[in-house]
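Shown next, in structure tokens, is the structure this report addresses.
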């Protein structure tokens, strides 16, 4: 791949060669009408790549929980990475050779030493939950590939919006992010003690299958079905590996969840998403980005994360219970969202009773995405 095909990871992505799920033009769905497929490439800050090494770069959409606000993210809380060969043999893992320059941007993982080029990467959870918007990889050969978090939404895995954009044909498209939960740790501290059943603790990616050649013969269903070779969302305490072969010891099976018996896939996804969002019940995002829809977020069974104020849409989605509220300035009575005071409120003759029925939450300082129009 020539240097002209690469773009700066510090800039908006060039999606002219991006591999994405097939999507439609409805706001909030996928990447808003993008159907072109290909390879996502990065420039990697002109960092030299050494012999027997590969580099991975990340865009993090959100991170943490109530105990770890986004603005306090230390650099060590980047995704854990392992790489494997075609037979599922572990080749190397990232140890201390990674950093995040400014919280959710510019995370780079150096993996070495490597005697041969890996086929798969496992992007794993760390001490706090992370929502990954994009992953790029560069091999010693110079080949570069990429993956975007929009696949989580397509495969009905926990997802959220991100503040990261991508460019295609001079148009801007939003990147969603995929949640990776905590791995099980030996610590007795409640922040680290348990992982959540059903929340991915690792995402296994076969980057080469997210290129035009593979996308021409595989539809979205292929990438989302169990035991495919391209993509897997691992739910076990210690994310393992499987390569999609029929070998029994390699095939990942989801651990049984007694609470999920008799539930449909959408019902299970909604229950898991609610549990993730409940951990962030005091967190919120104010988004001025026009493609962020509070309505769509509330309607999605697998969306998870902090509550969202969609300024262009003038709606608020309270994520723990997926209830949608209009701005108080736009209603005459009933419960509503005061976007100026950033709190629940009520209007009209029965406002006292209406207000009493609303959640009693003192939200933390919100994250703000985009600029007011």
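The values are calculated or read from the model by the stated rules, or taken from the named source; none is laboratory data. Quick caveat, the model's predicted, so the values are computed rather than measured. With ideal geometry, Cβ positions are generated from the backbone for all residues, glycine too; neighbour counts draw on all protein chains shown.
Numbers at a glance
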item	result
In segment 202-246, the residues that are at pLDDT below 85, farther than 16 Å from residue 88 by Cα and buried (at least 20 other Cβ atoms within 10 Å of the Cβ)	210, 215, 235
Strands (runs of 3 or more DSSP E) contained entirely in segment 68-152, each with at least 2 residues that are at pLDDT 80 or above and surrounded by fewer than 18 Cβ atoms within 10 Å (Cβ to Cβ)	90-93
Among residues of segment 126-162, those that are within 16 Å of residue 231 (Cβ to Cβ) and out of contact with any strand residue (DSSP E or B) (no Cβ under 8 Å at 6 or more places or on another chain), counted	2
Some residue of segment 318-339 being farther than 25 Å from residue 179 by Cα, in contact with a helix residue (DSSP H, G or I) (Cβ under 8 Å, 6 or more places away or on another chain) and touching a residue at least 24 places away in the same chain (Cβ under 8 Å)	yes
